[in-house]
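Undergrad: Here it is, the structure, as structure tokens.
Just so you know, all these numbers are worked out from the coordinates, no wet-lab data involved. Treat the numbers as computed from the prediction; the structure is a model and nothing was measured. No Cβ is skipped: glycine too gets one built from the backbone with ideal geometry, and neighbour counts run over all protein chains shown.
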Amino acid sequence: MNTALAHTSSRFMTTDTSGIRSFRTAQDRLFEHAFQQTLDGKAEGLLAQYLYWSASTYDKPGFERGGDLRLLGGNGWEQYVKENTMAGYLGHDARIIEHAIMERRLLQMLPQTVSLVSLGGGDKETYLNNEGRIITGLQELTEEKEISALHVVDICRKYAAENAFVSATELGVERSFAVLGDFMNDPGLSIHEARGGTVLTSFGGTLFNAPRFIIEDTKTTTIDAFQTYWTNMNQQFGLGALALVTREKFTPESLDKKYALAKKSGVDAFVLGAWSRAVYKGVITDPNYNPFDNWRTERQIVETDAGFDVDFLNVAKKSHTLPTKFGDYDIQEGQSIVAAISAKFHGDHLDRAVQNGNWEVIDAIEQDNNPHELIVAKGLKPL
């Protein structure tokens, strides 16, 4: 169930608390199922979307205020962004968006009246660097185009509310709405009616964090899940909508270099965030279970038919018994699980998956010395 979380303007913000509770309850059930499937070896990378979370209270062991708040996945992600944005590691999206705007190529493709929908914009700093550039470009470089409404959709309440608020107060979009929702898996988002054409934005590789499932010892592919996300977006937004998505141009060597250079302290906390959430929610029944004591993270790059998958692994530091509400698991030292995946698809495979999801890639904007490009896709009539 996805419910509008808040309407935000420069003057006020109101919150639908019943909708928040319903969404959180549903997400807790889905997380619990994903955690069990992961422990049972039936899924890989399925935990990725459940790592962006924060506790509603800090009254449980290990989560007191002033304690190690890296244990909250959202905090770990924000630390990772801050560590690596400063070095330019996460700045490629902002550069290609700025380039596409300044040369007017992107602005010319946008409708005269834009109903903008941000899908998984992330923390405030990332949002302002990415979606914020689209908004200010429309405001400052064109007089004939306007934003009729802005919906900030995120699975994390904090990000949805914060980015809708900053859109209204700092970016000047009065009709800014926060929508607490899972846009990748649920085509039933609560989007307010707005004038003009719908323009979706999804930056930072969110759509590429697709899982693999193990069915009768055979793995599905990440591009299958990626295609499903596009099908769901088509069902939600349909014919004529535009989608702006950044993707990475890569070689095996560039991926090796990229992930070798990335600072890890924040992403370690982020990738281990599922264990923290499981402790907090009682899925792991030992309230004193510490993820950092029992697990470390590693990355591996796996070649696929469609490109490469960068797997983020949780590796057991020691043998121990993991008590859960599903029963006890015997964890062996060195045992690993794939908590999250960042898929890198070759261009032709990406185009085909998008098309199979009832979209057409109408442009791919590139920039010299930038490994990221901006994909522009147009929604087709559902089959």
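Undergrad: With angles folded into 0 to 90 degrees, how steeply does helix 347-356 sit against the dominant principal axis of the chain? Use alpha carbons for both and round to 10.
TA: Compared with the principal axis, the helix lies near 80 degrees.
Undergrad: Mind scanning Lys42/Lys325; Lys219/Lys258; Lys281/Lys325; Lys42/Lys258 and naming the pairs with a C-alpha gap bigger than 21 Å? Present the calculation step by step, with values, prior to reporting the outcome.
TA: Details: Lys42/Lys325 18 Å; Lys219/Lys258 27 Å; Lys281/Lys325 11 Å; Lys42/Lys258 29 Å.
Listed pairs above 21 Å: Lys219/Lys258; Lys42/Lys258.
Undergrad: Computed from the coordinates I sent, volume of the Cα convex hull per residue in Å³ equals one of (i) 186; (ii) 140; (iii) 161. Tell me the label.
TA: (ii)
Undergrad: Under a cut-off of 28 Å between alpha-carbon atoms, report the lysines in cross-link reach of Lys145, not counting same-chain residues fewer than 8 places apart.
TA: Lys124, Lys378, Lys381
Undergrad: Let me ask something else. For Lys257, go through the lysines and keep the ones whose alpha-carbon is under 21 Å away, minus same-chain ones fewer than eight residues off.
TA: Candidates past the 8-residue exclusion: Lys82, Lys249, Lys344.
Undergrad: Okay, moving on. If exposed trypsin sites (Lys or Arg not before Pro) are those in a DSSP loop with at most 11 other Cβ within 10 Å, what is the longest stretch of the chain that has none?
TA: Result for the longest clean stretch: 66-317.
Undergrad: With a cap of 11 neighbouring Cβ atoms within 10 Å, and only residues DSSP puts in a loop, list the GluC sites (Glu not before Pro) found in segment 179-263.
TA: Numbers: sites: Glu193, Glu216, Glu248, Glu253; in loops: Glu193, Glu216.
Answer in residue order: Glu193, Glu216.
Undergrad: Let me ask something else. When DSSP beta bridges are limited to those with both residues in the chain, what percentage is antiparallel, rounded to the nearest 5? Walk me through the numbers on the way to the answer.
TA: Numbers: 49 of 70 bridges.
Within the chain, antiparallel bridges account for around 70 percent of the total.
Undergrad: Non-local amide H neighbours of Thr324 (under 5 Å, H modeled in plane, Pro and chain starts lacking H): which ones?
TA: Thr285, Tyr329
Undergrad: Per-residue HN-Hα couplings for segment 280-288, Karplus 6.51 cos²θ - 1.76 cosθ + 1.60 at θ = phi - 60°, whole Hz, x for Gly and Pro?
TA: Per-residue couplings from phi come out as 4, 8, x, 5, 8, 7, 8, x, 9 Hz.
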